[in-house]
């Protein structure tokens, strides 16, 4: 994100403002980037520490829903006067740490 901000902006714009005529071609590419994001998000979760009655697949769904909702909310509330998303990396990281802590201690033994 910091190293190539224009690539991130391009991907963000493509995801949020996909023209109908390009939707069919861009959707698979954007889904691949989304999958990459999910892989990164879940790589450090030790699912063996989940409470015994918590199903791993349900935990993954809940975590995904929470972070997707956070992202959607952030996108709606952090735009400049041109309608471009304003990324506050440190704020995002801190808020995601808080959310992660809540999820962790709500699901772990």
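Quick notes on this structure:
- Matching residues, the stretch 57-106, being assigned to a loop (DSSP other than H, G, I, E, B) and surrounded by 14 or more Cβ atoms within 10 Å (Cβ to Cβ): 78, 87
- Being in the same structural domain as residue 106 (by TED's automatic domain parsing), assigned to a helix (DSSP H, G or I), in contact with a helix residue (DSSP H, G or I) (Cβ under 7 Å, 6 or more places away or on another chain) and surrounded by 11 or more Cβ atoms within 10 Å (Cβ to Cβ) is a property that does not hold for residue 54.
- Among the numbered conditions (1) modelled with pLDDT under 90; (2) more than 16 Å from residue 102 (Cβ to Cβ), the only one that residue 56 does not meet is (1).
- Matching residues, the stretch 79-101, being under 20 Å from residue 34 (Cα atoms) and in contact with a strand residue (DSSP E or B) (Cβ under 9 Å, 6 or more places away or on another chain): 85, 86
The values are calculated or read from the model by the stated rules, or taken from the named source; none is laboratory data. All figures in this text were calculated on a predicted structure; none of them were measured in a lab. FYI the Cβ positions are ideal-geometry reconstructions off the backbone, even for glycines, and counts take in every protein chain you see.
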